[in-house]
Each structure stands twice: as C-alpha cells, then as structure tokens.
Amino acid sequence: MTEFELIARFFTRPSRERQGVGDDCALIDAGDRTFAITCDMLVEQRHFFSDADPEALGHKALAVNLSDLAAAGATPRCFLLALALPRADEGWLAAFARGLFGLAEAFDCELIGGDTTRAPQWHEAPGPLTICITALGETPPGQALSRAGARPGDDLWVSGTLGDAALALALADGSATAGAADRQACSARFDRPTPRVRLGERLRGLASAAIDVSDGLLGDLAHIAERSRVGARLRWDDLPRSEALRRQPAALQQRCALAGGDDYELLLTAPPDRRAQVIAAGRDAGVPVTRIGEILAAPGIAVLDADGANMETPFSAFDHFRS
Ligand code: ADP
Ligand code: MG
C-alpha cells in the first residue's frame with residue numbers, strides 16, 4: 001500500500017467543504033473569503049537528521065506549510081504549533097523559535113496556539129522530536145488554486161530551480177561530491193526552503209492548477225494529472241537547474257530534478273494566452289518561472305530529450321509507505 005492509497009482508503013470521505021482531502025490545502029468558504037488550511041509534520045530521522053540546526057528546523061517546519069498555502073494561492077494568516085520534545089533545552093528552543101518567527105514575521109503570519117508534550121523514551125533516549133504545524137491562509141471568495149483544473153493545451157510552468165535539495169542529500173550521504181560553494185548553496189535550499197507565497201498570490205485567477213513540489217517533480221505532476229484527469233509532456237532541456245546541479249553527472253541531475261523532493265517550488269498550469277502574465281507574476285514575486293512542457297488530453301507523463309524522443313525515467317516520487 002502506498003501513502004496515497006492509504007489516505008484514499010481509510011481517510012477520504014465525501015466533503016461538505018469547497019475542498020476536502022486530496023489537495024495541498026482544504027478550502028472552506030466563509031462569506032467574503034475562502035480559507036485554505038493545511039497540516040504538515042516533520043519527524044526526526046524521517047525528515048531531518050538528529051543534529052539538524054534548530055534555527056533551520058524552525059524555519060523549515062513553517063516553510064513547508066506556507067508552501068502548501070502558496071500552492072492554493074492563499075495569503076498566510078496564522079498557524080498552530082504542536083511539539084513532541086525529547087527534552088526542554090533552552091538553547092535549542094531559543095534557536096528554533098528564532099527560525100520559526102523569522103519566517104512567520106516575514107509573512108505576517110501569527111502563531112495562535114498549539115500543543116506541547118514530552119516525547120516518550122525511545123530506544124536509548126527520548127524521541128523522536130516531532131514538529132507539526134497547521135497553517136491557515138485566505139483568498140478572495142472562490143479564488144483559491146487547486147490541483148484540479150489543468151486543461152489539455154495548457155502550458156506547464158515551474159518556479160525557481162529543481163533538484164538542489166535532493167543534491168544536498170546526495171552530498172550529505174557521500175553519493176555525490178561538489179566544491180564548498182555548491183555544497184553550501186544546496187544545503188541552504190534543503191535547510192531553509194523559501195515558500196513561494198508571493199508567487200502563489202499573484203497566480204490567483206491566472207493559473208488553472210498548481211501544486212508545490214515537495215515529493216519530486218514527476219510525482220507531484222502526477223497529482224495534478226490525476227486530479228485534473230489529463231496527461232503531460234515535459235522537455236528535459238527546459239527544466240530549470242542551478243549551476244551547482246548542472247556541474248553534476250547527467251544521471252544524478254535527472255534523478256534530482258525529476259524525482260528529488262524538498263524543493264518547495266510551485267508547479268503550475270495556465271492557458272498559453274496567459275504566458276506574459278505568468279512571467280510578470282514571477283517577476284513581481286521575485287522568482288523566475290520557466291515553461292517546461294504542456295498538458296495533454298491523453299493520460300501519462302512523458303519526458304522528452306533534446307531530440308524529442310521519450311526519455312527513460314526510472315524514478316518514483318518519495319512515498320512514506322511504498323514497500
Ligand atoms: P502535501 O505534500 O501537499 O502536504 P500530502 O501528500 O501530505 O500533501 O497529503 C495528500 C493529501 O492527503 C492532502 O490533501 C492531505 O491533507 C491529505 N492527508 C494526508 N494524511 C491524511 C490523514 N491522515 N487524514 C486525512 N487526510 C490526510
Ligand atoms: Mg503540497
């Protein structure tokens with residue numbers, strides 16, 4: 001059973017709300033606005049190493065939630081913080097709070113509550129450290145973006161660059177090597193992702209569908225394809241990649257950019273007559289957007305090489321339960 005089969009089978013029920021389980025955010029209509037709400041958890045040794053910098057963790061725990069709000073085109077408003085802590089270490093907590101509120105204040109997003117508990121004894125020590133944030137954002141009524149809504153003929157776009165966070169992991173586990181500057185650039189992308197909130201807001205009324213790239217481009221594109229009942233074609237050469245990734249061997253570049261998670265860029269679709277507006281949205285939001293392919297009526301996702309031939313892509317998206 002995969003993570004998504006599990007959610008579909010045991011936790012998906014008909015929803016009374018504008019949108020329930022199955023998208024980046026649930027959507028709740030409330031008079032003069034639509035609320036977007038999302039919940040994401042970080043677990044020690046699953047999502048981060050035990051020696052992770054607490055300031056970066058505070059930033060990332062909120063960033064991954066704001067990224068889901070961005071995918072819904074929502075403006076962040078407030079969040080709840082639930083912690084299972086192995087110990088009350090003042091230095092750790094101060095640094096964690098610094099990272100957390102640094103990002104919260106940048107987006108004027110207020111901490112309004114939460115829950116704090118001590119983690120139980122776990123093997124030799126208490127743990128694992130678990131951080132769970134629920135974030136709430138809003139859009140004008142009915143203007144939130146979702147994974148559904150991509151139409152055949154729409155362009156496929158992605159913000160920023162892809163694969164740097166996955167390269168950071170490959171550098172950390174020794175399966176790749178790079179110079180000090182490239183290492184630092186990639187770990188910054190992994191540790192302190194920038195949620196594309198300002199871009200998401202500007203895509204309201206412009207994008208036909210959107211998702212944030214948290215599990216890898218192909219896997220997240222498959223979510224758009226499934227919810228929109230379409231297929232897609234993308235061109236490998238057009239995928240935006242950093243200088244650091246371009247210095248790596250071709251096979252690693254492909255694995256990182258096509259299947260690497262943790263980038264937190266926005267993947268979106270829009271009709272071709274909105275190209276200039278999408279580019280302007282990226283410019284206004286301070287992040288470049290790149291057209292990487294198009295939406296097709298036929299199901300399936302194809303990656304084309306420079307000659308227009310189908311590329312083998314033997315990668316699967318990250319899945320917590322795939323056996
Ligand atoms: P994302 O990566 O965008 O945060 P996920 O892949 O974590 O989304 O989750 C996919 C969908 O399943 C989301 O709509 C999420 O809210 C929902 N979901 C995940 N776990 C559960 C659960 N235990 N109960 C209900 N819905 C869930
Ligand atoms: Mg998401």
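The values are calculated or read from the model by the stated rules, or taken from the named source; none is laboratory data. Just so we're clear, the structure is a prediction, and the values are computed from it rather than from any experiment. Neighbour counts are summed over all protein chains in view; Cβ atoms, including those assigned to glycine, are modelled from backbone coordinates with ideal geometry. With ligands, DNA and RNA removed, areas are computed over all heavy atoms of the protein, side chains included. Shrake-Rupley method; radii C 1.70, N 1.55, O 1.52, S 1.80 Å.
Answer with yes or no whether residue 38 is hydroxyl-bearing (Ser, Thr, Tyr) and within 13 Å of ligand 1 (Cβ to nearest atom). In short, yes.
Of the residues 197, 230, which single one is within 27 Å of residue 56 (Cα to Cα), touching a strand residue (DSSP E or B) at 6+ places or on another chain (Cβ under 7 Å) and outside the structural domain of residue 108 (by TED's automatic domain parsing)? Unique residue meeting the criteria: 197.
Which ones in the range 212-241 are more than 16 Å from ligand 1 (Cβ to nearest atom) and either on the phi > 0 side of the Ramachandran plot or in contact with a Leu (Cβ under 8 Å, 6 or more places away or on another chain) (or both)?
Matches in the range 212-241: 229, 230, 231, 232, 233, 234, 235, 236, 239, 240, 241.
Taken as a whole, the condition of being polar (S, T, N, Q) and open to solvent by less than 30 Å² (accessible area, probe 1.4 Å) applies to residue 253. A single entry from 235, 204 fulfils the requirement of being out of contact with any helix residue (DSSP H, G or I) (no Cβ under 9 Å at 6 or more places or on another chain), in the same structural domain as residue 266 (by TED's automatic domain parsing), under 15 Å from residue 267 (Cβ atoms) and at pLDDT 95 or above: 235. Taking the range 4-38 as the range and being loosely packed, with under 12 Cβ neighbours inside 10 Å and on the phi > 0 side of the Ramachandran plot as the test, only 31 passes.
Those strands (runs of 3 or more DSSP E) of the range 238-323 in which 1 or more residues are more than 23 Å from residue 186 (Cα to Cα) and without any contact (Cβ under 8 Å) to a residue 40 or more places away in the chain are absent. Residues that are away from ligand 2 (no atom under 16 Å from the Cβ) and buried (at least 18 other Cβ atoms within 10 Å of the Cβ) were ranked within the range 70-91; the one that is nearest to residue 200 (Cα to Cα) is 75. Among residues belonging to the range 185-211 that are open to solvent by 40 Å² or more (accessible area, probe 1.4 Å) and free of Cβ contacts under 8 Å to residues at least 60 places away in the same chain, point out the one that is farthest from ligand 1 (Cβ to nearest atom). Of everything passing the filter in the range 185-211, 185 is farthest from ligand 1 (Cβ to nearest atom). Against the test of being at negative phi, of a type in the set (S, T, N, Q) and open to solvent by less than 10 Å² (accessible area, probe 1.4 Å), the options 50, 67 yield a single qualifying residue, 67.
For the range 102-154, give me the residue count where each residue is in contact (Cβ under 8 Å) with a residue 40 or more places away in the chain, of a type in the set (A, V, I, L, M) and open to solvent by 30 Å² or more (accessible area, probe 1.4 Å).
Total meeting the criteria: 2.
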